[in-house]
Amino acid sequence: MENKVSLSQFITEQQRKHPNNSGDLSSLLNDILTACKKISHLVNQGDLIDTWGNSDSENVQGEVQKKLDIISNNMMIDALNWTGHLAGMISEENDDPVKIPGQYPRGKYLALFDPLDGSSNIDVNLTVGTIFSILRCDEGTIPTTENFLQKGTQQVCAGFVLYGPSTMLVLTTGDGVNGFTLDQEIGEFYLTHPEMSIPGDTQEFAINMSNQRFWEVPIQQYISECVQGSDGARGKDFNMRWIASLVAEVYRVLTRGGVFMYPFDLRDPTKEGRLRLLYEANPIGFIVEQAGGLCSTGRERILEMKPKEIHQRVPVILGAKNEVDRIISYHKKFDLRK
């Protein structure tokens, strides 16, 4: 551990490259990670402290909240609402933007987060995580909903923390992607995965095959070719993975390549997609593109979408550039034939 770069050292060195930076963003990141360390501890305690299982409430999306969903959300809000770095927040677990209490100063950033992504995996002891995105806001502003509806290209910073066999932070501030592992004994993250990148080609895909009958033709075609393997048009075999935890899926793509798909489907054509744009797709898309991959709906670059409301859902196709490009081309051909 003596030769490892700590997150604190890494952030300080990044700040020195930008001497006009006030340091507020670094302090905000520390506040977020303080909450994430607490969440990590609770996740690791499991049922010893009776935090697993469902609560008696639903979130704005109509999903039954896990006990840890609510606890994690409260921890994030409590860690951020008093520090003076934020003008406001939005969370998957809150219907409306979270206001900064009047007795505290307001800062120049907005925080958007999913406090516990993949929480359906909690009770079967699989990987979950926290996703966050940081946007700018005029200092001292009392933000309205419109202030949060910024394109993903306007993100200042994005990251996710993975609560798995080890607790890891994956972070970008627009200058590449780096991964840090938490030393639980001293409570510090250390750089373990510098300059993470996604290879342009892959032979691995992740998708929920149980939804196959609802997919549009372009996804049907792509998956069919993958499944046919070396006997089909692609002439090579593919492996399939599915964890049902976005942070775990994306971490796998970042560390060994692949393509992840949660596409539009026809179960309910009134729903544009399943993943939330502002606090899931945008931060993950920022990370993926900074690592050399692509992130698309199949028809549109996700980071260029103008959000319509804070809990908007979108289809997501991300990962290896050449595979995502292929899937996009299938959508274009399909739309031209309509």
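What follows draws every value from the coordinates through simple rules; no lab data is involved. All values derive from a computational prediction rather than experimental measurement. Backbone-built Cβ (ideal geometry, glycine too); neighbour counts: all protein chains shown.
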Tell me, what is the percent relative contact order of the chain, built from C-alpha pairs under 8 Å that lie six or more residues apart? 15
Show me the helices of the chain, taken as full DSSP H stretches, that run 18 Å or more along their long axis by Cα and average 0.5 or above in Kyte-Doolittle hydropathy. 67-80
Net charge of neighbours whose Cβ lies under 15 Å from the Cβ of MET240, counting Lys and Arg as +1 and Asp and Glu as -1: 0
Length gained, LEU266-LYS306, 0.36 nm per residue minus C-alpha separation, equals 12.1 nm
Two decimals is fine: what's Rg over Rh for region 204-337, C-alpha atoms, Kirkwood radius as Rh? 0.94
Order by protection proxy (mean Cβ within 10 Å, highest first), peptides 241-247, 304-310, 256-262: 256-262, 241-247, 304-310
Can you tell me what the convex hull of the Cα atoms of region 104-199 projects to on average, as an area in nm²? 8.9
What residue among PRO101, PRO115, PRO283 has the largest mean-square fluctuation in a Gaussian network model of the chain, using Cα springs under 10 Å? PRO101
Can you spot the lysines whose alpha carbon is less than 27 Å from LYS17's alpha carbon? Ignore those fewer than 8 places along the same chain. LYS4, LYS108, LYS151
Alpha carbon Rg of region 165-251, scaled by the compact-globule rule 2.2 N^0.38 Å: 1.46
With N set to the number of residues, divide the alpha-carbon radius of gyration of region 119-172 by 2.2 N^0.38 Å and report two decimals. 1.52
Taking the chain, how much of its Cα-Cα pair set, in percent, is spaced more than 35 angstrom apart? 20
Beyond 20 Å (Cα-Cα) in this structure, taken from LYS236/LYS321; LYS306/LYS333; LYS236/LYS332; LYS306/LYS338, we find LYS306/LYS333; LYS236/LYS332; LYS306/LYS338
Give me the net charge of ASP24's neighbourhood, meaning all other residues with Cβ under 13 Å from the Cβ of ASP24; Lys, Arg count +1, Asp, Glu -1. +1
If amide hydrogens are placed 1.01 Å from N in the peptide plane, which non-local residues have theirs closer than 5 Å to the one on VAL98? MET89, ILE90, SER91
So, counting K/R as plus one and D/E as minus one, what does the shell of residues with Cβ under 10 Å around ASN282 add up to? +1
Normalise the Debye intensity by I(0) for region 7-193, one equal point scatterer per Cα, no solvent, then take log10 at q = 0.11, 0.14, 0.16 Å⁻¹ and round to two decimals. -0.48, -0.79, -1.03
